[in-house]
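Participant: Quick one: this structure, given as structure tokens, is what I'll be asking you about.
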Amino acid sequence: MSETPIAKPVPEASPALAPFFAAARAGRLVVQRCAGCGALRFPPRELCSRCLGLEATWQDVSGRGEIFSYNVMHQVYHPGFAADVPYAVVIVKLEEGPKITSNLVGCPVDEIAVGMPVEVAFEQLSPEVTLPKFRRRRC
Amino acid sequence: MTPKGRVAIAGLGLTPQGQVYDRTHVGFAVEAVRLALEDAGLARTDLDGLLLNPGLAWGDAAMGSFMLQQALGLRELRLSASMNLGGATAGAMIQHAALAIAAGMCTTVACVFADRPLKPPAERRSRGGEPTGSAAAYAFARGLDAAYGQFGINAIYAMVARRYMHVYGTTQDDLGAVAVAQRRWANMNPAAQFHDVPLTLGDYHASRWVVEPFHVLDCCLVSNGGAAVIVTSAERARDSKKPPVYVWGMGQGHPGGDPAERLASGAPLAKRTAFVMAGIETSDVQLCELYDCYSFTVLVTLEDYGFCRKGEAGAFVAAGHTAPGGTLPVNTGGGQLSSFYMWGMTPLVEAVIQARGEAGERQAPRRDVVLVSGNGGLLSTHSTLVVSPLPS
Ligand SMILES: [Zn+2]
């Protein structure tokens, strides 16, 4: 007897993240840019912790970066991931500086290494939500 | 004027630990205070200060210390606060109590931690195989993390540990050496949850992964229970039933920024204040009770206090220095990896037992200068205490 697998959690396109998801749907990766001091940041926050400025815009980034760190999840915390363990979660340090937590697609977990060059690859979860993920980049 | 030797720990209370369900978190807190007063030979009416570090079960606990005051039936308190710096809170509570006593605001303060994150097995429900026991207690996800499958504090700490291992060449064997050394201590501690379970490095490698680079034996236990200590002036402590444990030095360090970039705790900053106050150097420390939410945290902390250079703690532990019979006994009750998980109270409780000379089979040979660390918020909050059975 087969049961319908439980879906992975789909993030809510909250007002704070709406520009991020709008860009992802269009195949672009964006981060916040402080209007006061120009510092880039991700995930979005209401203010800049460098200059305390409140105004910010969203800016395209290259989508290129490297694996800053990663873990390999063996424990199932959500049934949507039961079929995936062990799977890796990665922190990508973008060329522009900010770090983004994501997954690496098309790469076995035992081949992931700190410092590995990666580039963004978009995965559509629903009509509203496309999730930026990453894949290996040959340099 | 420094508070060195002017304030002491006069009483210690520890409830049964682990999979115990017969009380609520408030009930465990009350029991821990009752035991601590009994240990000190004091009455409830002697208390005029109450500091609480609320565990997860307290919820937001904005008025936790008041709730506990009412449950304990305490009147006429002159000091009260709920405090939370994660694992650094226990040390910070002692510090706030010591400052208030030294300033004349109050005389005798109970510092308390209690939690009940584990549900009785009969009350656990799982939808699709997700954990319901200890793994469930700390399984929150932040922001977008859930979409990428990043759940729980273990996963976030694993990111910092992996980066650290990459930068400093620390190996899985090094992490395992911490777990094995602490288990050897736990095997001599009747109060340790793993008292009866020996551990080899082979067992460590064979144990299941939780989230690489952490095996389950790299991660602290999760325990229900309570712990309390009574802090009072040195003069009053000398009238206590038990030998006083004097506070020689204390400090805090909260470095800010990204711990995965820093790869260091707040210990260097906290240590500076505490060691100057105590009038000691790193080489004077005879015994360490270090906050060990993970095996990894012990390595970082040993380096940050200067017992080893950065990246060398793995080899230091693997060589047996921190184990029974070693040159620098560390986490002599088994720590949070092998004894019980009362946040920062775990190292503090063992420090009091050792400083009093009450540790029995596991008593460290030298106990005049005992270092206690607390660490919270992913290497982001830190407290240091230096304690001793000698007044100065
Ligand atoms: Zn700014």
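Participant: Can you list the strands (runs of 3 or more DSSP E) lying wholly within segment B:1-112 that have 1 or more residues being within 23 Å of B:P190 (Cα to Cα)?
Facilitator: Hits in segment B:1-112: B:7-14.
Participant: Continuing with this model, one more query. Can you tell me which of A:V61, A:V92, A:V30, A:V72 is over 18 Å from A:L131 (Cβ atoms) and away from the ligand (no atom under 16 Å from the Cβ)?
Facilitator: The conditions single out A:V72.
Participant: If B:V317 satisfies every condition in (1) over 29 Å from B:M83 (Cα atoms); (2) touching a residue at least 40 places away in the same chain (Cβ under 8 Å); (3) not in a helix (DSSP H, G or I) but one, which is the exception?
Facilitator: (3)
Participant: Before we move on, is B:R262 of a type outside the set (S, T, Y), closer than 10 Å to B:L379 by Cβ and open to solvent by 40 Å² or more (accessible area, probe 1.4 Å)?
Facilitator: So B:R262 fits the description; yes.
Participant: Here's something else I'd like to know. What's the number of the only condition in (1) touching a residue at least 24 places away in the same chain (Cβ under 8 Å); (2) in contact with a strand residue (DSSP E or B) (Cβ under 7 Å, 6 or more places away or on another chain); (3) surrounded by 15 or more Cβ atoms within 10 Å (Cβ to Cβ); (4) not aliphatic (A, V, I, L, M) that A:D60 fails to meet?
Facilitator: For A:D60, the failing item is (3).
Participant: A further question on this structure: Touching a residue at least 40 places away in the same chain (Cβ under 8 Å), open to solvent by 50 Å² or more (accessible area, probe 1.4 Å), away from the ligand (no atom under 16 Å from the Cβ) and out of contact with any Ser or Thr (no Cβ under 7 Å at 6 or more places or on another chain): which single residue out of A:E111, A:E128 fits that description?
Facilitator: A:E128
Participant: Show me the strands (runs of 3 or more DSSP E) entirely contained within segment A:72-139 in which 3 or more residues are within 10 Å of chain B (Cβ to nearest Cβ).
Facilitator: Filter on segment A:72-139 gives A:87-94, A:99-102, A:130-136.
So that you can scan it fast, the table gives a plain yes or no per residue for (1) in contact with a helix residue (DSSP H, G or I) (Cβ under 6 Å, 6 or more places away or on another chain); (2) free of Cβ contacts under 8 Å to residues at least 24 places away in the same chain:
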| position | (1), (2) |
| --- | --- |
| B:W248 | yes, no |
| B:G257 | no, yes |
| B:A260 | yes, no |
| B:M277 | no, no |
| B:S283 | no, yes |
| B:Q286 | no, no |
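Participant: If you don't mind, there's one more thing I want to ask. For segment A:34-54, state whether one or more residues are away from chain B (no Cβ under 11 Å), away from the ligand (no atom under 16 Å from the Cβ) and surrounded by 15 or more Cβ atoms within 10 Å (Cβ to Cβ).
Facilitator: no
Participant: Which is within 14 Å of another protein chain (Cβ to nearest Cβ), in contact (Cβ under 8 Å) with a residue 40 or more places away in the chain and exposed (fewer than 15 other Cβ atoms within 10 Å of the Cβ), of A:V10, A:V31?
Facilitator: Among A:V10, A:V31, only A:V10 is within 14 Å of another protein chain (Cβ to nearest Cβ), in contact (Cβ under 8 Å) with a residue 40 or more places away in the chain and exposed (fewer than 15 other Cβ atoms within 10 Å of the Cβ).
Participant: Please verify whether B:D196 is free of Cβ contacts under 8 Å to residues at least 40 places away in the same chain and either within 14 Å of another protein chain (Cβ to nearest Cβ) or surrounded by fewer than 19 Cβ atoms within 10 Å (Cβ to Cβ) (or both), treating the condition exactly as stated.
Facilitator: Criteria met by B:D196.
Participant: In addition: Within the group B:A181, B:A234, which residue is in contact (Cβ under 8 Å) with a residue 40 or more places away in the chain and more than 19 Å from the chain's Cα centre (by Cα)?
Facilitator: It is B:A234.
Participant: Quick one: how many residues across segment A:17-27 are closer than 23 Å to B:A260 by Cβ and either near the ligand (Cβ under 9 Å from one of its atoms) or over 13 Å from the mean Cα position of the chain (by Cα) (or both)?
Facilitator: Number satisfying all stated conditions: 0.
Participant: With respect to B:T327, determine if the residue is of a type in the set (S, T, N, Q) and open to solvent by 30 Å² or more (accessible area, probe 1.4 Å).
Facilitator: Judged against the criteria, B:T327 is a match.
The values are calculated or read from the model by the stated rules, or taken from the named source; none is laboratory data. This one's a predicted model, so the numbers in the text were calculated from it and none came from an experiment. Please note: Cβ atoms are built from the backbone with ideal geometry, for glycine as well, and neighbour counts cover all protein chains shown. Keep in mind that these areas ignore ligands, DNA and RNA; they rest on the heavy atoms of the full protein, side chains included. Shrake-Rupley method; radii C 1.70, N 1.55, O 1.52, S 1.80 Å.
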